[in-house]
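The values are calculated or read from the model by the stated rules, or taken from the named source; none is laboratory data. Source: prediction; values computed, not measured. Positions of Cβ are backbone-derived with ideal geometry, glycine not excepted, and every protein chain shown enters the neighbour counts.
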Amino acid sequence: MWGQTCVVAGQDLPLWSRPVVRGDLRLMWYNVENLFFPGDDSIPGDDDFTPEGVRRWTYTRYRTKLTALARVIVAAGEWEPPDVVGLCEIEEATVLEDLVQHPVLKAYDYRFVHMQSHDHRGMDVACLYREKRVGLEDWWVHTPRPSVVQEGTRDILNLCFTWGRADTLDLFLVHLISKYGGAGATAHVRQNQAQWLIHLVDSVHAVRAGTLKVLAGDFNDSYHGYSLEPLLRGRIGGDSLRFVSLTGGQGSYKYRGRWSQIDQYLVGGTCKKYRIDGFILNLSPLMTGDEVYGGEKPFRTYEGYRYAGGISDHLPILLDISRLSLFHSER
């Protein structure tokens, strides 16, 4: 496997460089930075991302980004693309249809789940899944309570998958409110969202206590941040959730020269049955030089209003889940 490559955005991309066997189930989370369809609609927030808008978001640029995203997904799987892919900053179902039908991905038979939210910019969470690898039992979209709803708040996507030998995964895909206007300006909203998320997970646990619970998303804060304290304190059926330590890089997002891990996985429920490993997909074509602060940073699509030609201002993160043998699970 070592030394094999996949072409991403015109570059040879090393498929992987870590001596770890792929898990029985692989998840990927990726904030794909403003994946808009280059056509105008009724939402004012997309006006910049049109051929006539200030960002000059053309069909050529759109197809270039789709191709790069498809290749990153394939590269994330070590020749077997991830079974489940969570995405955020998705404008509409059209971009998901175009992505799963892209020639790079079409052979892997991805399906998608998405519902338009009330986000002021039309930015949603969505999920791709490989129908031949996992079974989608059901899914729900949770809209925030009135006490949580504020500008920039997104819905939470909750999916129930079966896989392996009658294993069940309850997955929650999250994109909490950003730090626009400063971290303190929105911290209380993220804290409310985190508390609401704990309530949702606990409600699902009350119905399906024997399943593995995975929370994946862009939390817009580090795990020890003030706004995510409810996730650290929360209990699911008497047990706490735990943040998964991610190897492979300093973080998934870099702001003003500082790396942070705002894209994260949390797990709870029947964790003792599984080995769980988390990784940052830190590959050279996803990076570019940081001319202001030094080192490297994620190669984003836009720098302000200037088209940079990259893929995203975030790095993807991966989660491998492997079922332990009966001998190991009883130890």
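Data for the structure
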{"quantity": "Test set (1) surrounded by fewer than 18 Cβ atoms within 10 Å (Cβ to Cβ); (2) closer than 30 Å to V207 by Cα; (3) out of contact with any Cys (no Cβ under 8 Å at 6 or more places or on another chain); (4) not β-branched (V, I, T) - R242 fails condition number", "calculated": "(3)"}
{"quantity": "Where a residue in the stretch 46-69 is surrounded by fewer than 18 Cβ atoms within 10 Å (Cβ to Cβ) and its partner, wherever it lies, is among the aromatic types (F, W, Y) and part of a loop (DSSP other than H, G, I, E, B), with Cβ under 7 Å and at least six apart", "calculated": "P51/W57; V54/Y305"}
{"quantity": "Of all residues in the stretch 288-331 being surrounded by 13 or more Cβ atoms within 10 Å (Cβ to Cβ), over 17 Å from the mean Cα position of the chain (by Cα) and aliphatic (A, V, I, L, M), the one that is modelled with the highest pLDDT", "calculated": "A308"}
{"quantity": "Residues located in the stretch 212-261, provided they are assigned to a strand (DSSP E or B), of a type in the set (G, A, S) and closer than 23 Å to I90 by Cα", "calculated": "A216, G217, S260"}
{"quantity": "Members of the stretch 72-121 found to be of a type in the set (A, V, I, L, M, F, W, C) and either outside any helix (DSSP H, G or I) or at positive phi (or both), listed by number", "calculated": "A76, W79, V84, V85, L87, C88, I90, V104, L105, F112, V113, M115"}
{"quantity": "Pairs, first among the aliphatic types (A, V, I, L, M) in the stretch 188-207, second buried (at least 21 other Cβ atoms within 10 Å of the Cβ), C-beta under 6 Å, six or more apart", "calculated": "V189/I177; A194/L228; A194/L231; V201/K213; V204/D170"}
{"quantity": "Segments classed as strands (runs of 3 or more DSSP E), wholly inside the stretch 4-69, with at least 1 members that are at pLDDT 95 or above and either over 23 Å from R130 (Cα atoms) or within 21 Å of the chain's Cα centre (by Cα) (or both)", "calculated": "25-35"}
{"quantity": "Qualifying residue in the stretch 271-287 (condition: buried (at least 20 other Cβ atoms within 10 Å of the Cβ), touching a Lys or Arg at 6+ places or on another chain (Cβ under 7 Å) and not in a loop (DSSP other than H, G, I, E, B))", "calculated": "yes"}
{"quantity": "Boolean, L128 is in a strand (DSSP E or B), at pLDDT 95 or above, surrounded by 23 or more Cβ atoms within 10 Å (Cβ to Cβ) and in contact with a Gly (Cβ under 9 Å, 6 or more places away or on another chain)", "calculated": "yes"}
{"quantity": "Residues located in the stretch 288-317, provided they are of a type in the set (K, R) and either outside any strand (DSSP E or B) or touching a Cys at 6+ places or on another chain (Cβ under 9 Å) (or both)", "calculated": "R300"}
